[in-house]
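Here is the structure we will look at, set down as structure tokens.
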Amino acid sequence: MNSEASYADWIAVDWGTSQVRAWAMRNAKPVAEAQSDQGMGTLAKDAFEAALLALIEPWLGAQRITVVACGMVGARQGWAEARYADVPCSPVSQSQTQPHVRDARLDVHILPGLCQRTPADVMRGEETQIAGFLAQNPGFDGVICLPGTHTKWAQISAGEVISFRTFMTGEFFALLSKSSVLRHSLAKGWDEDAFAQAISDGLSKPEAMASRFFSLRAESLLADLDGATATARLSGLLLGAELAAARPYWLGQRVALIGNATLSAHYTTALGLQGVAAETADATEVTLAGLRAAYEQIKEHVS
């Protein structure tokens, strides 16, 4: 057995669409980490085991080891479909899916996502982050926002996800900034004052958003609008419209943000302008905490 394997009790995996990250865990803490760009979107169903082994082989000994995986690995197009659990429910379900494996050293458990029937919504991967946040903040009641390509707002009470809504704000920004006429008017950089004003505009009149978008292009042609200012205004308009629609989730609520530092900072600013002082949590830390909570459930079930 190699030196890394001697320090691993189990293996945690966060398998997204474009990337996969794995951690060798010992005494509830990571002792080694590996990652690759072999996300769910790049793999056929029969290629997942090999992709996993390419990451974790150095941590494997002769004994069977538990691998707990969350994210798109459990999607319909993933390794094996882990069916959604209906809300309201605990974010970590005991009904994990175990894909067929050829390597006898692997005991793989894929965590299910969550679904909401009306209005229809799904999440896969974020529920593990929510579970990790709740493990670190027992007794939390309020709303957890997970900014990203598809931002989630989840209502939490008594340790359960009661309801949630998804907003494609990040994807809209990417499409508009890379594939629309606005791409000619945007540039890297940031204008915090323009961002704040655009949040107010988007929040107060979300129905005018499409017209305000084109104004960015027109102003760049007629008044030489700075590209960084245009980028901040586009982001602010989109985020303001999201806040308008998500108002029932954040108004008068305790709000926590889980996401990368840049996105979380934008949401912190936007919510702060509405008088909401949001808490923040590190995405990697809560992901590991959620996978750890799932591993503890698996151990209890086995014992």
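Laboratory data are not the source of any read-out in this text; all were calculated from the coordinates shown. Being a predicted model, the structure only gives us computed values, none of them experimental. Neighbour counts are summed over all protein chains in view; Cβ atoms, including those assigned to glycine, are modelled from backbone coordinates with ideal geometry.
Pull up all non-local amide H partners of residue 31: gap of 5 or more, or a different chain, and H-to-H distance under 5 Å with H placed in the peptide plane.
For residue 31, whose amide H was placed from the backbone, the distant partners under 5 Å are 24, 25, 26.
Estimate the FRET efficiency between residue 280 and residue 36 by the formula 1/(1 + (r/R0)^6), using the beta-carbon distance for r and 30 Å for R0, to the nearest 0.05.
Efficiency computed from Cβ-Cβ geometry: 0.60.
Please tell me the relative contact order of region 1-124 in percent, rounded to the nearest whole number, where contacts are Cα pairs under 8 Å and at least six residues apart.
Computed value for region 1-124: 23 percent relative contact order.
Using Cα pairs under 8 angstrom and six or more residues apart, how large is the relative contact order of the chain, in percent? Provide the component values of the computation, followed by the final result.
Details: 623 pairs, mean separation 47.5, N = 303.
Relative contact order for the chain comes out at 16 percent.
Net charge around residue 156, counting only other residues with Cβ within less than 14 Å of its Cβ (Lys, Arg = +1; Asp, Glu = -1)?
After counting each charged neighbour, the total is -2.
Taking the Cα centre as origin and putting +1 on Lys and Arg beta-carbons and -1 on Asp and Glu beta-carbons, what dipole magnitude results for the chain, to the nearest 20 debye? Intermediate values should be presented prior to the final figure.
Numbers: 24 positive and 32 negative charges, 91 e Å.
It works out to roughly 440 debye.
How much net charge surrounds residue 113 when only the other residues with a Cβ under 9 Å from the Cβ of residue 113 are counted, with Lys and Arg +1 and Asp and Glu -1?
Working: positive: 83, 124; negative: 126, 127.
After counting each charged neighbour, the total is 0.
What residue among 196, 50, 289 has the largest mean-square fluctuation in a Gaussian network model of the chain, using Cα springs under 10 Å?
Fluctuation is largest for 50.
Short version: ³J(HN,Hα) in whole Hz for each residue of region 138-145, in order, from phi by Karplus 6.51 cos²θ - 1.76 cosθ + 1.60 (θ = phi - 60°), x for Gly and Pro, what are they?
Computed from phi, the couplings for region 138-145 are x, x, 5, 10, x, 10, 10, 10 Hz.
What number, in percent, do you get for the relative contact order of region 126-303 if the mean sequence gap of Cα pairs under 8 Å and at least 6 apart is divided by its residue count?
Relative contact order of region 126-303: 29 percent.
From the residues 200, 157, 172, which one has its Cα farthest along the dipole of the chain in the positive direction, the dipole being from +1 and -1 charges on Cβ of Lys/Arg and Asp/Glu about the Cα centre?
172
Distance in nm between label sites at residue 223 and residue 211, each 7 Å beyond Cα in the beta-carbon direction?
1.6 nm
Quote the charge dipole size of region 135-194 about the Cα centre in Debye, to the nearest 20; the model charges only the Cβ of Lys and Arg (+1) and of Asp and Glu (-1).
Values: 5 positive and 6 negative charges, 67 e Å.
Dipole magnitude for region 135-194 comes out near 320 debye.
Starting from 0.36 nm per residue, how many nanometres of slack lie between residue 265 and residue 46 once their C-alpha separation is accounted for?
Length gained between residue 265 and residue 46: 74.9 nm.
Run the dipole for region 126-303 about the Cα centre, Lys and Arg Cβ at +1, Asp and Glu Cβ at -1, nothing else charged, and hand back the magnitude in debye, nearest 20.
Using only the charged Cβ atoms, the result is roughly 360 debye.
What is the sum of charges around residue 25, taking Lys and Arg as +1, Asp and Glu as -1, for the other residues whose C-beta is under 10 Å from the C-beta of residue 25?
+2
Mind computing the radius of gyration and Dmax over the alpha-carbon atoms of region 126-303? Å is fine for both.
Using the Cα atoms of region 126-303, the pair Rg, Dmax is 18.2, 71 Å.
Against the longest principal axis of the chain, how steep is helix 126-136, in degrees 0 to 90 to the nearest 10, with axes from Cα atoms?
Around 80 degrees separate the two axes.
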